[in-house]
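Read through the structure below, which is laid out as structure tokens, and then see the notes.
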Amino acid sequence: MKKHNFSAGPCILPTSVIEKAAAAVLNFNDDHLSLIEISHRSKPFVDVMEKARKLALELLGLENKGYQALYLQGGASLQFLMVAYNLLEKKAAYLNTGTWANNALKEAKIFGETVEVASSKDLNYSYIPKNYTIPTDVDYFHVTSNNTIFGTQMKEFPATNVPLICDMSSDIFSRQLDFSKFDLIYAGAQKNMGPAGATLVVVKEELLGKVSRAIPSILDYKVHISKESMFNTPPVFSVYVSLLTLEWLRDLGGISFIENVNNQKAKLLYDEIDRNPLFVGFAAKEDRSNMNVTFNLVDEKFKTTFDTLWKEANISGINGHRSVGGYRASMYNALPLYSVQALVDVMQELERRS
Ligand SMILES: *Cc1c(COP(=O)(O)O)cnc(C)c1O
């Protein structure tokens, strides 16, 4: 039996998607060639790229609204600098909600002046800062919707007249938002979409072409748009499997359907953390992430027993990140509710044995 996979990333994908991907590696499109040995310029793959770009916009409700979807390489980490390279002329504002947000800010500093409008570093990023002021004279405001390492999630996004840029790597396609509030969204595939290798960038075209610096072609969003996301060889496997995952999501009922499932999974686990006297949550309650649940044992003496119990229960990937410690259960779209129930059962078993 497949393990209950709570990995933070690369992470669980739907079983049906993995089966289709495996078949395509052997014989893609019934052409008796592998997906990974055909030209990316061949009709079957060009169709994959077109569909993947279109479906991403469709699921986000951004079709025909001036946005373009791209599948780029270099991970979300390359977007930290590509955003600044393409958009930062003088000054940019950042909300510092964790390691990834801080890394994005660090890269932007290379390109211009930056303002950290607020930070939750004082309490090891266990909450989302609120009531901050966004300067009006900045080129953009950058936020991280979900802090994968710390288990916090922005439930609301500030109203602002400056372009809003969002790193949605770990919660894109997991909940309904008015995505048209954002001017640029990026997300590494490996958290909620597909295998590592592709990064989805959704950008409002009118935002581009305004900085005075020269931009190397491969780092220029406009170049990628003009080449329909085929400037150079794209990560074909990652793009194809991302398309399969997006089709899986569409056929289930789209983001509104999966949001409902994600809410049920989060409620099940957070209710147990709050009820069970042996456990304590890490993140501030109102900012808890529905994707990455961070929690600790109240008493470390139960660690060996707990670790044995969850491993025996076929659970994988819940060790916390080194900067938080404890445990982190990542519950991306493809994780079934019964996997969360398996973890809750183990937590209750530990309580019985304590
Ligand atoms: C994982 C992650 C990143 C880094 O992604 P890479 O694709 O490895 O560069 C950036 N931001 C967030 C929110 C993440 O979860």
Inset, instruction - Output ³J(HN,Hα) for the stretch 212-227: one whole-Hz value per residue in order, computed from phi by the Karplus curve 6.51 cos²θ - 1.76 cosθ + 1.60 with θ = phi - 60°, and x for Gly and Pro. - result: 8, 6, 6, 10, x, 3, 6, 9, 9, 4, 4, 5, 4, 5, 5, 9
Inset, instruction - Please list, in chain and number order, the residues 5+ apart from S34 or on another chain whose amide H is under 5 Å from its amide H, with Hs placed from the backbone. - result: F28
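Assign unit charges at the C-beta atoms only (+1 for Lys and Arg, -1 for Asp and Glu), then state the dipole size of the chain relative to its Cα centre in Debye, rounded to the nearest 20.
Computed charge dipole of the chain: roughly 360 debye.
Between E156 and D307, what is 0.36 nm times their sequence separation minus the Cα-Cα distance? Round to one decimal in nm. Let's see the in-between values first.
Numbers: separation 151, 0.36 × 151 = 54.36 nm, distance 3.53 nm.
My answer for the length gained is 50.8 nm.
Please say if the chain is rounded, prolate or oblate, where rounded means a/c under 1.5 for a ≥ b ≥ c the square roots of the C-alpha gyration tensor eigenvalues, and otherwise the choice is prolate for a/b larger than b/c and oblate otherwise?
Values: a/c = 2.15, a/b = 1.22, b/c = 1.76.
Oblate, because a/c is 1.5 or more while a/b does not exceed b/c.
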Inset, instruction - Using the charge dipole of the stretch 1-111 (Lys, Arg: +1 at Cβ; Asp, Glu: -1 at Cβ; taken about the Cα centre), state which of N103, P10, A76 has its Cα farthest towards the positive end. - result: N103
Inset, instruction - Under a cut-off of 18 Å between alpha-carbon atoms, report the aspartates and glutamates in cross-link reach of K210, not counting same-chain residues fewer than 8 places apart. - result: E89, E113, D137, D139, D183, D220
Legend entry - Lys, Arg +1 and Asp, Glu -1 on Cβ, resulting dipole of the stretch 214-354 about Cα centre, debye, nearest 20: 220 debye
Inset, instruction - Have a look at the DSSP beta bridges in the stretch 84-234 and tell me what percent are antiparallel, nearest 5. - result: 30 percent
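Rolling a 1.4 angstrom probe over the protein heavy atoms, how many square angstrom per residue are accessible across the chain?
43 Å²
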Legend entry - ³J(HN,Hα) computed for each position of the stretch 119-124 - Karplus, 6.51 cos²θ - 1.76 cosθ + 1.60, integer Hz, glycine/proline x: 8, 10, 4, 4, 10, 6
Inset, instruction - Please turn the phi angles of the stretch 240-247 into ³J(HN,Hα) values with the Karplus equation 6.51 cos²θ - 1.76 cosθ + 1.60 (θ = phi - 60°), one per residue in order, whole Hz, x for glycine and proline. - result: 5, 5, 4, 4, 4, 5, 5, 5
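Structure shown: which of K109/K191; K2/K65; K285/K311 lie over 30 Å apart, alpha-carbon to alpha-carbon? Walk me through the numbers on the way to the answer.
Values: K109/K191 27 Å; K2/K65 41 Å; K285/K311 28 Å.
Violating the 30 Å limit, Cα to Cα: K2/K65.
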Inset, instruction - With the full set of protein chains in place, find how many percent of the accessible area of the chain is carbon and sulfur; take the probe as 1.4 Å. - result: 50 percent
Inset, instruction - Mind checking which of L252, P235, Q264 is farthest towards the positive end of the stretch 185-268's charge dipole, using Cβ charges of +1 (Lys, Arg) and -1 (Asp, Glu) about the Cα centre? - result: Q264
Inset, instruction - Quick one: net charge around D274, please, counting Lys, Arg +1 and Asp, Glu -1 for every other residue with C-beta under 12 Å from its C-beta. - result: +2
Inset, instruction - Report, in deg cm²/dmol and to the nearest 500, the calculated mean residue ellipticity at 222 nm for the chain, where each DSSP H run with n ≥ 4 adds -39500 (n - 2.57) and the sum is divided by the residue count. - result: -11500 deg cm²/dmol
Legend entry - the stretch 172-204 and the stretch 77-155: distance between their alpha carbon centers, rounded to Å: 17 Å
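The values are calculated or read from the model by the stated rules, or taken from the named source; none is laboratory data. Keep in mind that what you see is a predicted model, and the values were worked out from it rather than measured. When we count neighbours, we look across all protein chains shown, and the Cβ atoms used for this are built from the backbone with ideal geometry, even at glycine. For the accessible areas, the whole protein counts, side chains as well, though only heavy atoms, and no ligand, DNA or RNA atoms are used. Shrake-Rupley method; radii C 1.70, N 1.55, O 1.52, S 1.80 Å.
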